Amino acid sequence: MRIEVAVVSGKGGTGKSSISSSFATMGERVVVADCDVDAANMHLILNPKIEATAPYLSGEEALIDSKKCTGCGVCVEHCRFDAISYSNGVCVVDPIACDGCKLCYRVCPEEAITMIPNDKSKMLWGSFRYGKMVYGRLEPGEENSGKLVAMVREKSSQIAEESAIKKVIIDSPAGIGCSVIAAISGITHLVIVTEPSLSALSDLIRLLTLIKGYKFKKGVIINKCDIAPIISEEIEEICAAEGIPILTKIPFSREIVEAMVNGKSIVEWAPQSKISDSIKGVWDSFL
């Protein structure tokens with residue numbers, strides 16, 4: 001049976017990727033799926049050798065033919081996203097602001113506008129020092145990140161099957177949106193990484209509400225647990241009420257920062273540290 005463990009956090013910046021990269025570098029062969037496609041960063045630590053890429057089509061954007069455009073401004077008047085403006089007597093499209101609604105394409109009297117696919121985003125995969133890695137890279141202004149996450153998940157499962165790898169580590173996006181749902185659907189284990197701050201506590205409560213209907217094994221890691229002990233205790237009480245175990249509590253440490261700066265996980269950078277022992281304990285007992 002293949003184990004697929006997703007590492008999630010309602011709030012960004014709690015240390016989710018630090019935990020994911022640590023799980024990925026325990027010494028076992030794994031497949032890593034970086035599903036935080038809006039801000040992928042696991043490749044900075046794992047440094048995979050890219051073997052292939054695939055384009056991701058996230059809708060369409062308008063393109064104006066300057067030879068046909070007369071600068072009448074009909075498209076400018078109708079664009080509700082302010083994505084079209086005048087330049088040197090003709091109309092031009094800001095591709096980041098364009099929503100791909102096709103209204104300009106329909107109203108242009110000169111038929112100077114065509115819709116082209118958004119294919120700048122892509123999925124990449126290859127090998128790293130402990131197995132395989134897949135990640136997505138969504139370009140600025142492109143949409144439907146949940147679909148790209150699903151694409152990354154599907155590819156990671158395929159690679160795990162083909163390579164006979166029994167564990168998949170999924171670095172989820174932050175939040176509780178559709179991209180998170182795409183990341184955690186069908187997994188076997190869920191690790192929630194939180195921190196003792198009011199914003200993280202609020203987002204943790206929302207995340208716990210989201211996952212109530214799921215049957216996977218779940219647990220919580222409180223990172224930077226010593227920066228606000230009272231809130232840490234409140235997190236423990238909330239998790240106890242929900243029947244979710246606290247897997248470990250990690251104090252704030254500059255070693256984790258140093259590890260990230262040097263392109264390594266904490267278990268690689270300081271393998272004998274208490275933090276590394278704590279994370280290894282979660283890996284051995286929870287998974």
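We did not get these values from a lab; they are worked out from the coordinates using the rules stated. Because the structure is a prediction, the values reported are computed rather than measured. Every residue, glycine among them, receives a Cβ derived from its backbone with ideal geometry; neighbour counts consider all protein chains shown.
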Where nothing but the Cβ of Lys and Arg (+1) and of Asp and Glu (-1) is charged, how large is the charge dipole of the chain around its Cα centre, in debye to the nearest 20? 780
Please compute the length gained on full extension between Glu234 and Arg254, using 0.36 nm multiplied by the number of residues separating them and subtracting their Cα-Cα distance. 4.7 nm
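Give me D for segment 114-201 in µm² s⁻¹, whole number, from Stokes-Einstein with Rh from the Kirkwood sum over alpha-carbon pairs, 37 °C and 0.692 mPa s.
221
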Taking just the C-alpha trace of the chain, give me its Rg and Dmax in Å. 22.4, 70
When the scattering of segment 156-217 is computed by the Debye formula from its Cα atoms alone, each counted once and equally, what is log10 I(q)/I(0) at q = 0.22, 0.26 Å⁻¹? -0.97, -1.21
For the residues Leu44, Leu63, Leu124, what sequence is obtained by ranking on other C-beta atoms within 10 Å, fewest first? Leu44, Leu63, Leu124
Putting +1 on Lys and Arg Cβ atoms and -1 on Asp and Glu Cβ atoms, find which of Cys75, Ala112, Ser278 reaches farthest to the positive end of the dipole of the chain. Ser278
Kirkwood hydrodynamic radius, segment 60-117, all distinct C-alpha pairs: what's the number in Å? 10.9
Express the relative contact order of the chain as a whole percentage, based on alpha carbon pairs under 8 Å and six or more residues apart in sequence. 27
Counting only residues 5 or more places away or on other chains, whose amide H sits under 5 Å from the amide H of Ile192 once H atoms are built in the peptide plane? Val8, Gly219, Val220, Ile221
Listed by chain and number, the lysines with an alpha carbon less than 27 angstrom from that of Lys67, same-chain partners under 8 positions apart left out, are Lys102, Lys120
How would Asp284, Asp38 line up from fewest to most surrounding beta-carbon atoms within 10 angstrom? Asp284, Asp38
Can you tell me what share of the DSSP beta bridges in the chain is antiparallel? A percent to the nearest 5 is fine. 45
So which of Lys132/Lys217; Lys16/Lys264; Lys224/Lys274 end up more than 19 Å apart, counting from Cα to Cα? Lys132/Lys217
Taking C-beta distances below 4.7 angstrom as the pairing criterion, name the unpartnered cysteines of the chain, in sequence order. Cys35, Cys69, Cys72, Cys79, Cys91, Cys98, Cys101, Cys108, Cys178, Cys225, Cys239
Given that compact globular proteins tend to follow 2.2 N^0.38 Å, what is the ratio of the alpha-carbon Rg of segment 1-110 to that value? 1.69
How would Ser202, Ser127 line up from fewest to most surrounding beta-carbon atoms within 10 angstrom? Ser202, Ser127
